[in-house]
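Working notes, beginning with the structure itself.
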Amino acid sequence: MKITTRFCSFSIIFLLGSFFSSCNNAAEDEVKLKGKFVNQTYLRTIPDSIPGLVSAYCYEMDFISDDSVKVLYGFEEATLGYKKKGNHYELVNALRDKNMPFSFNDDGTLILTDSTWNERSENSTFSKSGISADWKFDNYINQKMIAGTYLLYKDDKPASQKIIFNTDGTVTGLQNFKSYKICYSGDCVAETYPISNNITFTDDKNVTSVFAFDIDRKNKTLKINKIESPIPDTKGERAIKEIAFDLRQ
């Protein structure tokens, strides 16, 4: 009888432990699956690359409910379903009729199993960026690529002109330009020939101008080049011309 009592007591304790453990895991999952996650693997790769040529399944993910997530593909976005499967999750129909697994590390980072799709040796790691109404990925691109303060040089000599590229996409001190956008996705990737980094400035009259740019991180220079006018009946493929702005930190 004592053995039976001890066995019953042990069983109750075990079941209660399993119940509370299950509840804790569910609560942890609920916390994890909220808000936006940013592709840090992509951001780590682009500073010395052309962002538009760095493959990424997606750039940002926003978990909006317990079974739906918004996915930012750059110039496009979509809402996908997701579900738990075993010890991981899956984006439903992420690749047409195929699901894409994802999981969490102990530190809360999200691992998207996209290496086969990207043809890379590593999967993409996403970090949580909080909850906000709008996508903020352009800000991360700006921060990684060119955000900062520069001096304008003319004829290899510094001019008394300070240029500031802010992470929010605004610019001050560069002619009458008010904002900028770095190309990382879409048709703009092939805007120049050969393909290079390119940036679109918008002035105070809402007129846009596209330039090519090159970064030398060792010497802390940012060279912004003019490109030829659009070619009739041709998308992109515009030749890179002379330097328009020689900026140095």
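The values are calculated or read from the model by the stated rules, or taken from the named source; none is laboratory data. Please read these numbers as outputs of a predicted model, since none were measured by experiment. FYI the Cβ positions are ideal-geometry reconstructions off the backbone, even for glycines, and counts take in every protein chain you see.
Across region 107-133, the qualifying residues are those that are closer than 22 Å to LYS84 by Cα and among the charged types (D, E, K, R), and the one among them that is farthest from the chain's Cα centre (by Cα) is ASP107. Search region 179-208 for residues being crowded, with 16+ Cβ neighbours inside 10 Å and charged (D, E, K, R), and hand back the single one that is nearest to GLU237 (Cα to Cα). So, considering only residues that are crowded, with 16+ Cβ neighbours inside 10 Å and charged (D, E, K, R), the one nearest to GLU237 (Cα to Cα) is GLU191. Looking across region 154-178 at every residue that is touching a Ser or Thr at 6+ places or on another chain (Cβ under 8 Å) and of a type in the set (Lys, Arg), the one that is surrounded by the fewest Cβ atoms within 10 Å (Cβ to Cβ) is identified as LYS162.
Checked against (1) within 30 Å of PHE37 (Cβ to Cβ); (2) of a type outside the set (A, V, I, L, M, F, W, C); (3) touching a strand residue (DSSP E or B) at 6+ places or on another chain (Cβ under 6 Å); (4) modelled with pLDDT under 95, GLN161 meets all criteria but (1). Would you confirm whether any residue within region 120-127 is under 30 Å from VAL171 (Cβ atoms), out of contact with any Gly (no Cβ under 6 Å at 6 or more places or on another chain), surrounded by fewer than 17 Cβ atoms within 10 Å (Cβ to Cβ) and not aliphatic (A, V, I, L, M)? The answer is yes, given that some residue of region 120-127 is under 30 Å from VAL171 (Cβ atoms), out of contact with any Gly (no Cβ under 6 Å at 6 or more places or on another chain), surrounded by fewer than 17 Cβ atoms within 10 Å (Cβ to Cβ) and not aliphatic (A, V, I, L, M). ILE231 - would you say it is at pLDDT 95 or above and either assigned to a strand (DSSP E or B) or surrounded by fewer than 18 Cβ atoms within 10 Å (Cβ to Cβ) (or both)? When the stated conditions are applied, ILE231 does not pass them. Does LEU80 satisfy the criteria of being of a type outside the set (D, E, K, R), modelled with pLDDT of 90 or more and more than 30 Å from LEU222 (Cβ to Cβ)? In short, yes. Taken as a whole, the structure leaves LYS144 outside the set of residues that are part of a strand (DSSP E or B) and either among the basic types (Lys, Arg) or assigned by TED's automatic domain parsing to the domain that holds ALA56 (or both).
Taken over region 30-56, the criterion of being in a helix (DSSP H, G or I) and in contact with a Phe, Trp or Tyr (Cβ under 6 Å, 6 or more places away or on another chain) is satisfied by LYS32, LEU43, PRO51, GLY52. Only one entry of ARG217, ARG248 meets the criterion of being among the basic types (Lys, Arg) and under 30 Å from TYR73 (Cβ atoms), and that entry is ARG217. Name the pairs whose Cβ atoms lie under 7 Å apart, with the first residue in region 169-193 and within 21 Å of ASP246 (Cα to Cα) and of a type in the set (A, V, I, L, M, F, W, C), the second at pLDDT 95 or above and exposed (fewer than 15 other Cβ atoms within 10 Å of the Cβ), and 6 or more positions between them or separate chains? Listed pairs, sorted by first residue: VAL171/ILE164; PHE177/ASP203. Scanning region 112-141 for residues that are among the aliphatic types (A, V, I, L, M), closer than 12 Å to MET61 by Cα and outside any strand (DSSP E or B) returns a single hit, ILE131.
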